[in-house]
1. From Gly53, Gly69, which residue is assigned to a loop (DSSP other than H, G, I, E, B) and loosely packed, with under 15 Cβ neighbours inside 10 Å?
2. Identify the single condition in (1) under 30 Å from Thr30 (Cβ atoms); (2) touching a residue at least 40 places away in the same chain (Cβ under 8 Å) that Phe131 does not satisfy, given that it satisfies every other one.
3. For the condition buried (at least 20 other Cβ atoms within 10 Å of the Cβ), in contact with a helix residue (DSSP H, G or I) (Cβ under 9 Å, 6 or more places away or on another chain) and among the β-branched types (Val, Ile, Thr), what is the one hit in Ile10, Ile38?
4. Is there any pair with a first residue in the range 72-94 that is of a type in the set (Lys, Arg) and a second that is open to solvent by less than 50 Å² (accessible area, probe 1.4 Å) whose Cβ atoms are under 8 Å apart and which are 6 or more apart or on different chains, and what are they?
5. List the number of the failed condition for Asp73; all other conditions in (1) within 22 Å of Leu118 (Cβ to Cβ); (2) over 15 Å from the mean Cα position of the chain (by Cα) hold.
6. Restricting to the range 213-267, name every residue that is free of Cβ contacts under 8 Å to residues at least 60 places away in the same chain, closer than 30 Å to Pro128 by Cα and open to solvent by less than 80 Å² (accessible area, probe 1.4 Å).
7. Between a first residue in the range 270-282 that is closer than 10 Å to Leu242 by Cβ and open to solvent by less than 40 Å² (accessible area, probe 1.4 Å) and a second residue that is at pLDDT below 75 and assigned to a loop (DSSP other than H, G, I, E, B), which pairs have beta carbons less than 9 Å apart while being 6 or more apart in sequence or on different chains?
8. What pairs come up if the first residue lies in the range 112-128 and is over 24 Å from Val148 (Cα atoms), the second is surrounded by 13 or more Cβ atoms within 10 Å (Cβ to Cβ), and their beta carbons are under 6 Å apart, counting only those six or more places apart or on different chains?
Amino acid sequence: EAVGSVRDSIAIGLVLAVATIFFFIADARTTLVAAAVIPATVLISCVVLRALGMSFNLMTLGGIAAGIGLILDDAIVVVENFHRHRTLGEPGTTALPASVNEITHALLGSTLTPVAVLLPLGLLSGVPGAFFRPLAVTMSVALLVSLVLALSFTPALAAALESNAPRRASAGPGDRLAAWLGRFYTRGLYWTLAHAWVALLVGIGFVLLAVVAYRHVETGFVPEMDEGAFVLDYWSPPGTSLPETLRLLEKVDTVLQQTPEVASFARRTGAELAFFLTETNRGDYSVRLRSDLRRGIDVI
């Protein structure tokens, strides 16, 4: 399921990137440049994870899935700025360095900021470290790879697909929307600067709202989740013989078989999870639940 989640995130990210860029730029070649960055970044990130001795698991795959949007940001910014310079009539040879120089500092700041937030999670020890270190490392690697590609691969590919001749300004469907939003934002900004006290009151209101929300949000190490399976440990009275333990467990088997949400289960007697040898009166059940509509795992 984790692999499927990453696959779906990449597919949805590609579709949204293609649709968004084409909506504003209306250029198929430029759109494909941004779309190519996602699989390239993910593949290179997998190579780096392999070199670091990491594996595919829920946390590393979750980090890749969560980083898809940030990876797209870098590509979209580069492609859009290069397109803007071209529509101003600049030839490709001058538009490329000019557009990249304009956004290099912004890209560095926007990419390194989440990396700076994630890296301390990789320094956690104990159980929190085991959970969050793979996530932090994976997302940091993906973001740094996307930054390198945004400053090298993306502009180079965009320039290679563009002719050097000056390009006539073309208006995609989103350009008119962007122009309207620009005018709306300008009027709103001038009004806010002329009525600074309104902005101050709104800011104070949001701060108070944040304080109230913070006081009512529950805290915990990990969120409550239904993984679709659980382990049930059992102990019969000490000294119980193996046949007697099995006779008692037949009743537990019956309960599990009659529970409609249970898809399958396996029982270990005289052994536990990780196959530690134990007494004949101890063991556990591994119960797998159905994936369709069912009651919550706590109720089951």
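The values are calculated or read from the model by the stated rules, or taken from the named source; none is laboratory data. Source: prediction; values computed, not measured. Using ideal geometry, Cβ is built from the backbone for each residue, glycine included, and neighbour counts are taken over all protein chains shown. These accessible areas exclude ligands, DNA and RNA; they are computed on the full protein's heavy atoms, side chains included. Shrake-Rupley method; radii C 1.70, N 1.55, O 1.52, S 1.80 Å.
1. Gly53
2. (1) is the only condition that Phe131 fails.
3. Details: Ile10 fails: buried (at least 20 other Cβ atoms within 10 Å of the Cβ).
Answer to the selection: Ile38.
4. As it stands, the answer is Arg84/Ser99; Arg86/Gly92; Arg86/Ala95; Arg86/Glu162; Arg86/Arg167, since those pairs meet every condition given.
5. Of everything listed in (1) within 22 Å of Leu118 (Cβ to Cβ); (2) over 15 Å from the mean Cα position of the chain (by Cα), Asp73 misses just condition (2).
6. Selection gives Ala213, Gly220, Val231, Leu232, Asp233, Tyr234, Phe265, Ala266.
7. Pairs that qualify, where the first residue is closer than 10 Å to Leu242 by Cβ and open to solvent by less than 40 Å² (accessible area, probe 1.4 Å) and the partner is at pLDDT below 75 and assigned to a loop (DSSP other than H, G, I, E, B), are Gly270/Thr278.
8. Leu124/Phe132
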